[in-house]
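Before any comments, here is the structure.
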Amino acid sequence: MTSGETDVSDTDRPEVATAPKPSFELGTGPGRVLVWFYGVFTVAAASRTIVEMVRGFDRAPLAYALSAVAALVYGFITYSLVRGGEKARRAALVCCAAELLGVLVVGAWTLVEPAAFPDSTVWSDFGMGYLFIPVILPVTGMIWLRRAKTVAV
């Protein structure tokens with residue numbers, strides 16, 4: 001080093017220190033379709049739950065409570081996809097896995113013990129009443145969220 005020069009490391013340079021990391025928006029591209037589906041399912045599950053609970057919660061409390069849980073899960077995933085960021089991506093990934101587990105458990109339960117469900121839920125029969133979208137959506141969501149991690153890193 002010659003006299004008059006200062007020792008500047010890469011982290012001290014303003015252009016290096018302030019350079020933004022490339023971001024990856026979860027709600028863009030195929031993620032936008034997921035946001036749309038999850039948004040529609042949030043409204044559908046919440047509306048169905050409200051109507052069922054008002055009309056007679058005591059008729060099938062387990063089914064209606066599970067529909068309410070589904071609405072909350074769908075809403076949280078929708079919010080996470082719209083919010084974006086690494087924390088939201090991880091939270092949505094965990095929620096998608098929990099959703100898939102819920103669909104599989106409730107779907108199997110409704111087939112094994114139909115008497116426990118006098119009325120159907122969003123996840124009954126693996127989402128057959130909703131064209132099996134409840135079982136396809138979390139798998140698609142997890143694939144998208146895993147891809148988002150590899151692109152963002």
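The values are calculated or read from the model by the stated rules, or taken from the named source; none is laboratory data. Small disclaimer: the values here were computed from a predicted structure and weren't measured. Glycine gets a Cβ as well: all are built from the backbone with ideal geometry, and neighbour counts include every protein chain shown. Accessible surface is based on the protein model in full, side chains and every heavy atom, while ligands, DNA and RNA are left aside. Shrake-Rupley method; radii C 1.70, N 1.55, O 1.52, S 1.80 Å.
Taking the stretch 121-131 as the range and being in a loop (DSSP other than H, G, I, E, B) and open to solvent by 50 Å² or more (accessible area, probe 1.4 Å) as the test, only Leu131 passes. Look at Leu145 and say whether it is touching a Lys or Arg at 6+ places or on another chain (Cβ under 7 Å) and either under 23 Å from Arg32 (Cα atoms) or part of a helix (DSSP H, G or I) (or both). Answer is yes for this residue.
Here Val73, Val94, Val8 are screened, and the one residue that is modelled with pLDDT of 95 or more and surrounded by fewer than 16 Cβ atoms within 10 Å (Cβ to Cβ) is Val94.
If you check Ala88 against the conditions, is it in contact with a Ser or Thr (Cβ under 9 Å, 6 or more places away or on another chain), hydrophobic (A, V, I, L, M, F, W, C) and surrounded by fewer than 22 Cβ atoms within 10 Å (Cβ to Cβ)? Answer is yes for this residue.
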